[in-house]
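A quick write-up on the structure given underneath.
The values are calculated or read from the model by the stated rules, or taken from the named source; none is laboratory data. As the structure is a computational prediction, the values presented were derived from the model and not from experiment. Cβ placement follows ideal geometry from the backbone for every residue including glycine, while neighbour counts extend to all protein chains displayed.
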Amino acid sequence: MKDSRSHPRYLLRWRAALVFDGQATEAAIEGKTYDLSLGGATLLTHEQVRDAGSTTLLLTPPPLLYGQPQKVIVVQARLVYSVHSDAHMCFRTGLHFIRFEDCGQRLLEDRLGQHVPALEALVVGS
């Protein structure tokens, strides 16, 4: 089965948090990315994400060099799905990226360029 996504996926485990409009940052749902692209992401979280309108995703890629400050990529996203995954013993949450803040898209492009995209069979079969 061919993967018809418009952006290649990368199997990266970056820290991430979902903040919902109208809620305090302390109420964010934290997790890790399972896969990531310029168009969206799958997160692994211990809480199920329910459709709450506008969502802000905070991605925290690890620094490339020891001692460099961590940068946070801020992107507005739309919830696509949130289902329990027995294989991961947590929830898998799919997000579609809508709009990056500041230079977030360029930063994500640069960071993804440091990695090799996932093999199509791995993404489709996951």
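Filter segment 54-97 for residues that are in a loop (DSSP other than H, G, I, E, B) and touching a residue at least 12 places away in the same chain (Cβ under 8 Å) and give the result. I'd like the intermediate steps shown before the answer.
Going through segment 54-97, the residues in a loop (DSSP other than H, G, I, E, B) turn out to be 54, 61-72, 86-89.
Hits for segment 54-97 are S54, P61, P62, L64, K71, V72, H88.
Scanning segment 36-55 for residues that are closer than 20 Å to H7 by Cβ and either out of contact with any Leu (no Cβ under 7 Å at 6 or more places or on another chain) or at pLDDT 95 or above (or both) yields L36, S37, L38, G39, G40, A41, T42, L43, L44.
Out of the residues in segment 34-53 that are in a strand (DSSP E or B) and β-branched (V, I, T), state the one that is farthest from the chain's Cα centre (by Cα). Spell out the reasoning first.
Initial filter on segment 34-53 (in a strand (DSSP E or B)): 34-36, 40-45.
Within this subset, residues satisfying the condition of being β-branched (V, I, T) are 42, 45.
Values: T42: 5, T45: 11 Å.
Only one residue fits best here, namely T45.
If you take the residues in segment 111-126 that are in a helix (DSSP H, G or I) and more than 15 Å from H7 (Cβ to Cβ), which one is modelled with the lowest pLDDT? First the steps, then the outcome.
Quick first cut of segment 111-126, residues in a helix (DSSP H, G or I) only: 111-112, 120-124.
When the remaining residues are screened for being more than 15 Å from H7 (Cβ to Cβ), the result is 121-122.
Details: A121: 41, L122: 49.
Going through the qualifying residues, I end up with A121.
Which members of segment 33-51 meet the condition of being farther than 17 Å from F97 by Cβ and without any contact (Cβ under 8 Å) to a residue 40 or more places away in the chain? Across segment 33-51, the qualifying residue is only R50.
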